[in-house]
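One structure is given here, and the rest of the page talks about it.
Please treat every number below as a calculation from the coordinates, not as lab data. Worth saying up front: this structure is predicted, and the values here are computed from it rather than measured. With ideal geometry, Cβ positions are generated from the backbone for all residues, glycine too; neighbour counts draw on all protein chains shown.
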Ligand SMILES: Nc1ncnc2c1ncn2[C@@H]1O[C@H](COP(=O)(O)OP(=O)(O)OP(=O)(O)O)[C@@H](O)[C@H]1O
Ligand SMILES: [Mg+2]
């Protein structure tokens with residue numbers, strides 16, 4: 001606007017608004033904005049203010065209550081102890097497998113399709129299946145007993161491991177498909193170029209593919225972690241909801257629907273969201289240290 | 001047919017961020033005219049066209065249709081038709097539906113829509129392809145659909161943005177004729193963007209030459225061809241020989257120039273003073289080979305490179321004084337030949353050199369000069 | 001996508017060739033072994049539910065004593081499955097329709113335009129996907145109960161919209177970006193207003209994207225446990241929630257009828273899955289990662 005010629009009027013105000021990207025088309029955004037404000041932001045801030053208005057005590061007493069009670073406070077640790085290893089295992093296991101399976105081969109479509117199945121099954125059904133399959137009289141223990149690998153059934157349900165396996169079963173395919181799509185986004189000629197320069201497969205992987213894949217791995221980790229962190233049904237059904245798998249979402253649920261203490265439940269939900277966002281922020285900050293531009297592939 | 005008698009662009013400017021893409025374009029378009037916007041790549045032609053169409057907001061200025069201000073109207077309410085460089089045909093609609101689209105938008109009676117669509121299809125000779133999808137057509141056919149779609153609803157103004165640039169050379173010539181024919185038979189008013197000076201010269205009634213977003217010259221094809229307003233326009237219009245020089249003597253329009261140790265006699269265009277730096281422009285076809293020895297602007301040179309171009313040869317020659325010349329001739333010459341060259345003083349144009357930027361003389365002639 | 005990933009160097013020397021094979025073999029075996037082990041366990045998980053649902057009595061043996069289909073009849077009556085399935089379908093259809101209506105125009109603006117505050121808005125739309133459902137589900141349910149909207153179907157639908165709309169936005173953006181913006185300019189130059197451009201030009205071109213994102217939202221809604229669980233009343237439970245309740249109340253009901261219900265749920269999901277895979281790539285079922293904004 002600064003150097004408008006002498007005597008030359010500025011353009012019509014509509015043009016000047018349009019120039020900044022403001023015009024009638026923005027109305028299309030309005031329903032979504034109303035939606036996100038009414039159903040996400042408002043409830044969220046409502047919960048936030050509610051958490052500072054406990055049924056008794058000062059504004060922070062619900063937070064103080066959570067952190068002073070070892071049983072409650074421990075849920076953070078319990079959740080992280082389940083979610084972090086599960087998410088990490090899922091991502092780490094997905095890398096070599098996806099690396100093997102990128103490119104075309106017979107049955108690839110079948111494998112990827114089969115991998116989608118557990119994602120769609122959801123946690124509840126997986127929990128039910130795990131109870132049957134990994135239970136003391138389930139097929140898994142039967143095979144172990146029959147092959148004399150163990151003398152008595154291994155306890156794999158109603159404890160930490162039940163929840164962990166349920167997270168692996170739903171989370172691994174998820175991580176795998178994501179990693180696979182990131183990997184196929186990396187131009188394969190880059191590796192071939194490295195090969196012509198004398199790099200063996202190990203170095204091609206560590207020097208070329210892995211650095212390009214790292215941002216994708218970070219995103220995959222985040223999304224897998226979100227899934228694992230909000231573990232709820234399986235913690236109740238295949239875990240030990242009173243003890244070693246009393247995860248934080250369960251604590252929040254109990255506060256809301258068993259004690260009907262909504263301010264306290266909101267406080268726990270806020271703590272939960274905060275912990276999760278902190279971890280995601282750390283991972284994303286680490287991610288930004290890698291090259292995140294185009295990798296020259298199909299995507 | 002046109003809904004206006006004149007369209008006036010008043011100081012239309014457009015900036016992208018800090019960079020000016022179009023600066024103060026003043027232009028009046030009379031009904032029925034064929035106007036070509038001409039200029040090198042990136043000079044703001046598409047910007048000007050899109051501003052006129054309403055597809056880009058203006059940074060400054062206004063657009064008037066007779067006494068009505070139209071730059072505040074959205075594109076669909078201006079009633080202009082537009083042909084895009086990449087055609088932008090609707091891939092999910094048949095040729096017929098593509099062409100009928102504008103009529104349907106205007107809610108014309110079904111019968112009339114059908115009739116006018118058929119008529120447009122005939123006009124662009126696509127009768128055999130009406131039920132195909134755009135993906136099943138050749139480039140030239142797609143181009144015809146795009147043109148038919150833009151003219152079928154009898155727009156008051158048709159805008160075309162390099163409509164022929166995706167076609168091969170032969171098709172380009174055919175379509176050029178076709179466009180001119182449509183313009184005349186339908187009585188359209190057309191603004192046509194191109195970077196091809198030949199195309200512009202052959203099609204337009206009036207040419208607007210842009211450079212770096214500014215109008216350099218507006219004029220008829222003849223004016224543009226014979227009398228470019230400055231050496232940039234000359235460069236763009238096919239004056240491939242551009243030499244720096246200094247004014248020796250000025251005698252009305254007659255200027256005597258000193259350039260690389262060569263004395264040249266030419267026509268002064270624009271503001272010149274004795275002793276000023278100048279730019280001398282000559283078309284390759286205006287350099288005669290083996291002219292009579294005693295004419296003005298005679299020089300002897302050695303042919304260095306020869307390109308065969310059908311009836312003519314294009315050659316590069318170097319004079320005894322070291323000047324490089326581009327020339328065209330029907331005579332048979334070969335590299336190494338010693339030739340006598342001559343230039344008609346009428347066809348040697350002398351321009352003031354830019355004061356500010358004297359370094360942007362192109363290393364060799366521009367693309368469009370071929 | 002290239003067919004070979006382990007392309008040999010331009011002049012493969014025999015030593016590198018041999019080394020590659022020696023190192024490649026065990027690695028490949030391990031990888032395939034892990035995959036097969038995973039699938040075997042997965043098969044075990046699904047099959048044990050399936051077998052149990054058809055078993056007469058199954059206790060501490062490899063296979064049940066006999067087979068019957070009566071558990072299905074039992075489950076159908078005991079859990080009022082007809083009503084539950086009807087609710088599930090109604091909720092899913094409503095969620096899909098509403099999230100498309102809200103999400104597609106927003107996706108269009110976010111894909112095409114830049115305007116002040118766009119990044120903030122994008123982030124806000126991304127948050128519901130990045131947060132665990134319980135985190136915002138509990139405050140949301142509280143608010144919905146306050147307005148009398150929870151405990152019935154409207155609450156379930158509203159709650160499920162929260163992750164669905166952002167999901168539609170994320171899946172639609174790349175589809176919209178693929179469409180040449182000059183197509184819209186051309187339509188406008190032909191006299192089409194904003195609404196007509198949307199209905200006549202964009203929507204037909206976006207059909208593949210809309211189908212993909214509809215089916216993805218459908219799968220996610222049918223499978224969404226937490227939000228439905230927090231907002232559903234007795235008459236507005238979807239199949240997953242009903243399944244959860246029947247499982248957590250096991251002991252009262254025969255294990256097999258719970259299994260039968262699980263099988264019904266599974267078959268419903270599998271049907272959806274088969275339909276989904278006709279329209280979308282398996283990776284899309286997971287997320288559209290490519291479209292996250294780079295920071
Ligand atoms: N959307 C945009 N954002 C920023 N700059 C732009 C944009 N569009 C055009 N420009 C700039 O404006 C100038 C003029 O562009 P314009 O498209 O009008 O050129 P043109 O004359 O049509 O060139 P061509 O013959 O190559 O099509 C260019 O320098 C270009 O870089
Ligand atoms: Mg252009």
Item to check | Separation of the residue B:28 and residue C:27 label points, Cα + 7 Å toward Cβ, nm | outcome: 7.7
Item to check | Whether the stretch A:1-153 is rounded, prolate or oblate, judged on the alpha carbon gyration tensor where a/c under 1.5 counts as rounded | outcome: oblate
Checklist entry - So what are the three principal axis dimensions of the protein assembly as shown from its Cα atoms, in whole Å, longest to shortest? => result 120, 75, 64
Checklist outcome for this item: DSSP beta bridges in chain B: the antiparallel percent, rounded to 5, is 75
Item to check | GNM result for chain C, Cα springs below 10 Å: residue of C:144, C:123, C:170 fluctuating most strongly | outcome: C:123
Item to check | Top of A:74, A:107, A:129 by mean-square fluctuation, Gaussian network on chain A, Cα under 10 Å | outcome: A:107
Checklist outcome for this item: Plugging the Cβ-Cβ distance of residue B:271 and residue B:6 into 1/(1 + (r/R0)^6) at R0 = 45 Å yields, to the nearest 0.05, a FRET efficiency of 0.90
Checklist entry - Anyone know which of A:125, A:145, A:115 comes out most mobile in the 10 Å Cα GNM of chain A? => result A:145
Checklist entry - Average projected area of the Cα convex hull of the stretch C:186-273, in nm²? => result 8.1
Next on the checklist: Sorted from largest to smallest, which semi-axis lengths in Å does the alpha carbon gyration tensor of the stretch B:241-368 give for its equivalent ellipsoid, taking the root of 5 times each eigenvalue?
Outcome noted: 25, 16, 12
Checklist entry - Between Rg and the Kirkwood Rh of the stretch B:6-226, both from Cα atoms, what is the Rg to Rh ratio? => result 0.96
Next on the checklist: Taking each residue in A:225-236, count the Cβ atoms of any other chain within 10 Å of its Cβ, then average. What number comes out?
Outcome noted: 4
Item to check | Scattering curve values for chain B, log₁₀ I(q)/I(0), Debye with Cα scatterers, q = 0.06, 0.10, 0.11, 0.13 Å⁻¹ | outcome: -0.29, -0.73, -0.84, -1.04
Next on the checklist: Just checking the output field for C:55-66: average partner chain Cβ neighbours within 10 Å of each residue's Cβ?
Outcome noted: 1
Checklist entry - Roughly how many nanometres apart are two label points built 7 Å out from the Cα toward the Cβ at residue A:291 and residue A:70? => result 5.2
Item to check | Overall form of chain C per C-alpha gyration tensor (a/c, 1.5; a/b vs b/c) | outcome: oblate
Checklist outcome for this item: In whole angstrom, the spacing between the Cα centers of the stretch C:76-94 and the stretch C:219-265 equals 10
Checklist entry - Once you put a point 7 Å from the Cα of residue C:152 and another 7 Å from the Cα of residue C:47, both along the Cβ direction, what distance in nm separates them? => result 4.8
Item to check | Footprinting exposure proxy for C:206, B:37 (fewest neighbouring C-beta atoms within 10 Å first) | outcome: C:206, B:37
Checklist outcome for this item: Taking only the Cα positions of the stretch A:41-287, the convex hull volume per residue in Å³ is 167
Item to check | Cα centroid of the stretch A:110-149 to Cα centroid of the stretch A:234-264, whole Å | outcome: 25
